[in-house]
Structures are given as C-alpha cells and as structure tokens.
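Q: Mind looking over this structure? Questions follow.
The values are calculated or read from the model by the stated rules, or taken from the named source; none is laboratory data. All values derive from a computational prediction rather than experimental measurement. All Cβ positions, even for glycine, are placed from backbone atoms using ideal geometry, and neighbour counts span all protein chains on display.
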Amino acid sequence: MYQQDEYDDGSQTEKFNRLVGNLDELKDNTELDQKIKQTLGKPPLGHLLEFNLALEEVVRVREYGKKKYPEAESWRQVPDNELDNAILRHMFNPNKKDNETGYSHTAHMIQNLLFKLQKEMENDSQWV
C-alpha cells in the first residue's frame, strides 16, 4: 500500500489504496482473469509513483511555465532547436536550482524533454 507523504493531502493516497485494495477483492473470482486480460501489454503507469517527488517538481516547472506563457499549447510552437538549447542551458548550469523559478534545473530539462518527446510521438504515425 502507498503511504501518504507531506506533499499529498490524502486524496492521492486514498485513490491509490482503493485501486490496490480492489485487486485483493478480485483474487477469488473470475473478474481477476478479465482484469489481467484488459491490462496485458499495457504499460504499468503506476510505476511512476516511485518518482513522486521528481514528478511533482516537473509539474511545478510546468505550472510556472503556464503562468509565464498563458497560451495553453504554446510549447508546441517552440522549435526543436530552442528546446535543445534550453535543455543544454539547464544541463550545464552549475547551480542546483534555476534562479528565475527556484526549481531544479533537472526538472526544467525533463519538462523540455517531455515537450520534445510528445511532439516527436504525435508527429510519427508509429506512435499515434
């Protein structure tokens, strides 16, 4: 079971534990077989919970960016070479945190990499 941490108001912990708890109820009936078939071959996104602190920092960076650039999809207009430059600026900055935002340079890099990956996958019929 997932334990509540200082960043969780309890709602995420409750949702996660409810989902995991439901699996225990399914063990003794045929619904379990059906659930397994429905999830077979799909990525277990629950693994992302292992990185809750890191993901929260990336989300903070995203929220800051949404306030700075209010157009919701503005990142889609940023050319790849500008994203590359932003990634490199954050990668080689000797400080742990960005002076403007106060957030981790690594989180800024991850956010920019997510922008690149999303655009790459949306533009490639193999992924869509």
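Q: Which residues, counting only those in segment 61-85, are hydrophobic (A, V, I, L, M, F, W, C) and part of a helix (DSSP H, G or I)?
A: Val61, Trp75, Leu83
Q: Now, a different point. Among the residues of segment 86-110, which ones are touching a Ser or Thr at 6+ places or on another chain (Cβ under 7 Å) and farther than 20 Å from Lys66 by Cβ?
A: Answer for segment 86-110, where residues must be touching a Ser or Thr at 6+ places or on another chain (Cβ under 7 Å) and farther than 20 Å from Lys66 by Cβ: just Lys96.
Q: How many residues are within 15 Å of Glu100 (Cα to Cα) and either modelled with pLDDT under 90 or surrounded by 11 or more Cβ atoms within 10 Å (Cβ to Cβ) (or both) if we restrict to segment 64-73?
A: Going through segment 64-73 one residue at a time, the tally reaches 4.
Q: Check whether at least one residue in segment 8-26 is surrounded by 10 or more Cβ atoms within 10 Å (Cβ to Cβ), at pLDDT below 90, assigned to a loop (DSSP other than H, G, I, E, B) and not β-branched (Val, Ile, Thr), and report yes or no.
A: yes
Q: So which residues in segment 86-96 are assigned to a helix (DSSP H, G or I) and not charged (D, E, K, R), if there are any at all?
A: Ala86, Ile87, Leu88, His90, Met91
Q: Moving on. What pairs come out if I take residues in segment 40-62 that are surrounded by 10 or more Cβ atoms within 10 Å (Cβ to Cβ) and pair them with residues that are of a type in the set (Ser, Thr, Tyr) whose C-beta lies under 7 Å away, six or more apart or interchain?
A: Taking only residues 6 or more apart or on different chains, the pairs are Leu49/Tyr2; Glu56/Tyr7; Glu57/Tyr103; Glu57/Ser104; Arg60/Tyr103; Val61/Thr101; Val61/Tyr103.
Q: Just need a number here: residues in segment 97-128 that are out of contact with any helix residue (DSSP H, G or I) (no Cβ under 8 Å at 6 or more places or on another chain) and either in a loop (DSSP other than H, G, I, E, B) or in contact (Cβ under 8 Å) with a residue 40 or more places away in the chain (or both).
A: Total satisfying the criteria: 7.
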